[in-house]
Amino acid sequence: FDGETFTVKEGYHNHPAVYVTWFGARAYCEYYGWRLPSEVEWEKAARGTDGRPFPWGHELARNNANYYSSRDLFEKIFGKYGDTTPVGFYNGKTYEGYETLDSPSPYGVYDMAGNVWEWTGDVKDKQHYRYMRGGSRAEYEHYLRVWASNNAAPQYASPNVGFRCVRDAVPGD
């Protein structure tokens, strides 16, 4: 952000948007006629219906997601805190000798755990904070569980916080 315009940093065109406040994430979604998911919607998309603790299943391996000490390529390049990975990176492919596990949620949604915390759209009565789900590249394993949440003031922005947009189902889609 240069004070007026947001631009994509060179080499990050397929990475999650970060340093976006809750207000900014909500405005972006609304601009396209979408919205931020509620916490319940986010968790359902990540978990499915079988009670799994991680979007891909019941166990966590280092090559399921981008989290602290997952030892992915971006940690090798940028150090132990790593960096965000491209969207859909954990898709079962091998990159420069680093083999990822295909790690979508039961609904085929990628990156529901690790990489960046994701803002949700819930606004709770008499509460200033907004909630995030999914954990980030800077978190330990327990924050990647689908029921884990985090919160911050809506004007908070960080390299570990991003968002995803959803839209209501349209009959026939």
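Points to keep in mind about this one:
- Test result for residue 171, more than 17 Å from residue 70 (Cα to Cα), open to solvent by 10 Å² or more (accessible area, probe 1.4 Å) and within 12 Å of the chain's Cα centre (by Cα): no
- All conditions in (1) out of contact with any Lys or Arg (no Cβ under 7 Å at 6 or more places or on another chain); (2) assigned to a loop (DSSP other than H, G, I, E, B); (3) surrounded by fewer than 20 Cβ atoms within 10 Å (Cβ to Cβ) hold for residue 154, with the sole exception of (1).
- Scanning the range 14-40 for residues that are open to solvent by 80 Å² or more (accessible area, probe 1.4 Å) and either modelled with pLDDT under 90 or under 18 Å from residue 128 (Cα atoms) (or both) turns up 23, 26.
- Contacts under 8 angstrom Cβ, first residue in the range 138-157 being closer than 20 Å to residue 41 by Cα, partner crowded, with 18+ Cβ neighbours inside 10 Å and of a type in the set (Val, Ile, Thr), 6 or more apart: 152/161; 154/21
- When 34, 42, 22 are screened for being among the hydrophobic types (A, V, I, L, M, F, W, C) and in contact with a Pro (Cβ under 8 Å, 6 or more places away or on another chain), only 22 passes.
- All positions within the range 92-104 that are loosely packed, with under 12 Cβ neighbours inside 10 Å and not in a loop (DSSP other than H, G, I, E, B): 94, 99
- Some residue of the range 141-152 being within 27 Å of residue 10 (Cα to Cα), within 18 Å of the chain's Cα centre (by Cα) and not charged (D, E, K, R): no
- Filtering the range 137-151 to residues that are of a type in the set (A, V, I, L, M, F, W, C), part of a loop (DSSP other than H, G, I, E, B) and crowded, with 16+ Cβ neighbours inside 10 Å leaves 138, 146, 148.
- Among the residues of the range 105-136, those identified as closer than 18 Å to residue 62 by Cβ and either hydroxyl-bearing (Ser, Thr, Tyr) or open to solvent by 30 Å² or more (accessible area, probe 1.4 Å) (or both) are 110, 136.
The values are calculated or read from the model by the stated rules, or taken from the named source; none is laboratory data. These numbers were taken from a predicted model, which means no experiment stands behind them. Note: ideal-geometry Cβ built from the backbone for every residue, glycine included; neighbour counts use all protein chains shown. Surface accessibility is based on the protein's heavy atoms, side chains included, excluding ligands, DNA and RNA. Shrake-Rupley method; radii C 1.70, N 1.55, O 1.52, S 1.80 Å.
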